[in-house]
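In what follows, a structure is listed as structure tokens, so that the remarks can point back to it.
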Amino acid sequence: MEGEAAHHLGRVLRAQAGQQYELSDGERAFLGRIDVATRDRIEFVLEEELPTHKLRLDITLLLSVVKFDAFEWALEKATELGVSTIVPLAAARSEKSLLAAAEKRAERWRKILLEAAQQSRRLRVPALAGLEKVEGAFAKAPSGAGVRVMLSELASAGTLRAELAGQSGPEVALAIGPEGGWTEGEFAAGEAAGFRQASLGRLILRTETAVIAALAAVNYALGED
């Protein structure tokens, strides 16, 4: 192990020879014992392969950019709840100052995803796409996604429970809007791309709250038996 990860392990955690860590290459997990530890390089001996759990669902989260503390908290929780890909959205009602600064935050966001994946013992870190406009992101949503839902506060929207009933996955595309909700044009773009509107109830939720509630519902309805 070299680079930033080795620096953190060697200098911050003061790793020493003989200590054991769980290691993943994105496909498998191993129990590794440190053989040589310096401040910039860690060498492991792989002692055994560990049993792993591969996620059944392939969830793409299209998440509108909101205030960064809330957005980054949502990234962390989405990782813990098994999201495979996260697409930050430049929604019409996202704050323009936040959108202008989003590109500079991408490296920080990747670090948040990595740390959340490690904490939850995921084999693979979620992919982080570049900032996308809503119309383009909806059109690019995974072609195999049998479940395409955009959360809506409109009275005409059905419930998320109803939208998930009878579905089997495994590919899911979930779109969550900004503070103030989607515009009519964004609803139209979603409809054109095969997204169905769904509500989490009559209460208005913050974006980061909606992320947890929706992903928990998706995992409950479509995840492991």
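Any residue in segment 105-120 that is over 11 Å from the mean Cα position of the chain (by Cα) and closer than 13 Å to P178 by Cα? The answer is no; no qualifying residue exists.
Quick check: anything in segment 17-27 exposed (fewer than 12 other Cβ atoms within 10 Å of the Cβ), among the acidic types (D, E), within 24 Å of R108 (Cβ to Cβ) and at pLDDT below 85? No, segment 17-27 contains no residue that is exposed (fewer than 12 other Cβ atoms within 10 Å of the Cβ), among the acidic types (D, E), within 24 Å of R108 (Cβ to Cβ) and at pLDDT below 85.
Listed by position, the strands (runs of 3 or more DSSP E) contained in segment 127-225 that have at least 2 residues being in contact (Cβ under 8 Å) with a residue 40 or more places away in the chain, assigned by TED's automatic domain parsing to the domain that holds V87 and among the small types (G, A, S) are 171-176, 196-199.
Evaluate segment 77-94: report whether one residue or more is surrounded by fewer than 19 Cβ atoms within 10 Å (Cβ to Cβ), β-branched (V, I, T) and at pLDDT below 95. No, there is no match, as no residue in segment 77-94 is surrounded by fewer than 19 Cβ atoms within 10 Å (Cβ to Cβ), β-branched (V, I, T) and at pLDDT below 95.
The single condition from (1) at pLDDT below 95; (2) surrounded by 13 or more Cβ atoms within 10 Å (Cβ to Cβ); (3) acidic (D, E) that E224 fails is (2).
The values are calculated or read from the model by the stated rules, or taken from the named source; none is laboratory data. Please read all numbers here as calculations on a predicted model, not as lab measurements. Heads up, the Cβs are rebuilt from the backbone with ideal geometry, glycines too, and the neighbour counts pull from every protein chain shown.
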